[in-house]
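Worksheet: one structure, shown below.
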Amino acid sequence: MKVRIGISLGPAGTPGQFADAVDLLEQAGVDSLWLSEITYSALVEPFTGMAFALARTRRLKAGTGVSVLPGRNPVLVAKQLASLAGLAPGRVLPVFGVLPAQPAERVLFDVPDGRRAAVFDESLRLIRLLLTAERVSFDGEFFTVSDATVGTLPAKPLDIWLGGSAPAGLRRVGRLADGWLGSLLTPAEAGAAVKIIQDAAAEARREVEDDHFGLSLPVTLAGNGHGIPAPLLASINRRRPEADPATLVARGWDDARRMIGQYVEAGLSKFVVRPASPGPFGPFLDGFVRELLPIQN
């Protein structure tokens, strides 16, 4: 399996720092840039950031990690992806999820009560149709289009990855998606998730390629007595109150290498490393290039 390691910018993902950070990634030969969707923040919006980064570079890939799909019109999403893929062939990496990371943002992605998962499934099917067929007529429960087109289709169909870690979400990856990007899971938990996805894919008589399993890994280089900054601890306690945060966060570059090795043994090969500590992006990137890029094969 090809091990590839990309970066999420963390605090450097704001408009004032974004361009310089993108330039540094391109110059350093980093594989990919991943943009978080946190609307109530100073971070650049993912689709806007992807377009900017792809236009500014020639080699860097750009992905969403993770963008909310239910609450967006799937035809408009497909049009955005087709446009980006036409402008930057082979460098567009969409990853979608069911819910925003911040509970307060759920009102921004409005769907009928109790139907978020159903809307997600139907949206995903319609997007895939629009990205693989010249003309699409579709009559679903939530969306109806007649003779719809998004223009020139990607020469190679886009891989659509999903996030999430709940069993139903993992089975959805196996049934409908091309890959998976998890987060806040131990290597053992991530390996179990891979098996759930593969079993669901086999049951649906389809395949998720072996090198299409990944994880977002926070790396902290400073913090409180635990080595993990308080905001990250609070986020982990909210999302995984039963978990030991020390098993989910890499505390320094040595720990990051160790954990990535364990995830690779568990069947994962794609990683998004994100800075979890405050501080300038340049030194973090220097450490990333020195300590993690050699892991790639």
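Structure above, values below:
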quantity: Region 48-74 residues that are under 13 Å from residue 87 (Cα atoms), paired with ones that are open to solvent by 10 Å² or more (accessible area, probe 1.4 Å) and assigned to a strand (DSSP E or B) (beta carbon under 6 Å, 6 or more apart); calculated: 61/93
quantity: Matching residues in region 41-69 - criterion: being touching a helix residue (DSSP H, G or I) at 6+ places or on another chain (Cβ under 6 Å) and either among the hydroxyl-bearing types (Ser, Thr, Tyr) or open to solvent by 30 Å² or more (accessible area, probe 1.4 Å) (or both); calculated: 43, 56, 57, 64, 67
quantity: Test: residue in region 24-39 that is open to solvent by 40 Å² or more (accessible area, probe 1.4 Å), farther than 18 Å from residue 109 by Cα, touching a residue at least 12 places away in the same chain (Cβ under 8 Å) and in a helix (DSSP H, G or I); calculated: yes
quantity: Count of region 130-174 residues which are assigned to a helix (DSSP H, G or I) and surrounded by 17 or more Cβ atoms within 10 Å (Cβ to Cβ); calculated: 7
quantity: Sole exception among (1) open to solvent by less than 10 Å² (accessible area, probe 1.4 Å); (2) within 17 Å of the chain's Cα centre (by Cα); (3) among the aliphatic types (A, V, I, L, M) for residue 93, by number; calculated: (1)
quantity: Residue count for region 175-202, restricted to those that are within 13 Å of residue 121 (Cβ to Cβ) and in a loop (DSSP other than H, G, I, E, B); calculated: 1
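This table checks each residue for (1) closer than 22 Å to residue 161 by Cβ; (2) buried (at least 18 other Cβ atoms within 10 Å of the Cβ).
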{"residue": "197", "(1), (2)": "yes, yes"}
{"residue": "210", "(1), (2)": "yes, no"}
{"residue": "239", "(1), (2)": "yes, no"}
{"residue": "277", "(1), (2)": "no, yes"}
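The values are calculated or read from the model by the stated rules, or taken from the named source; none is laboratory data. Please read these numbers as outputs of a predicted model, since none were measured by experiment. As a convention, Cβ positions derive from the backbone with ideal geometry for all residues, glycine included, and neighbour counts pool all protein chains shown. When the accessible area is computed, the model is the full protein with side chains, heavy atoms only, and any ligands, DNA or RNA have been set aside. Shrake-Rupley method; radii C 1.70, N 1.55, O 1.52, S 1.80 Å.
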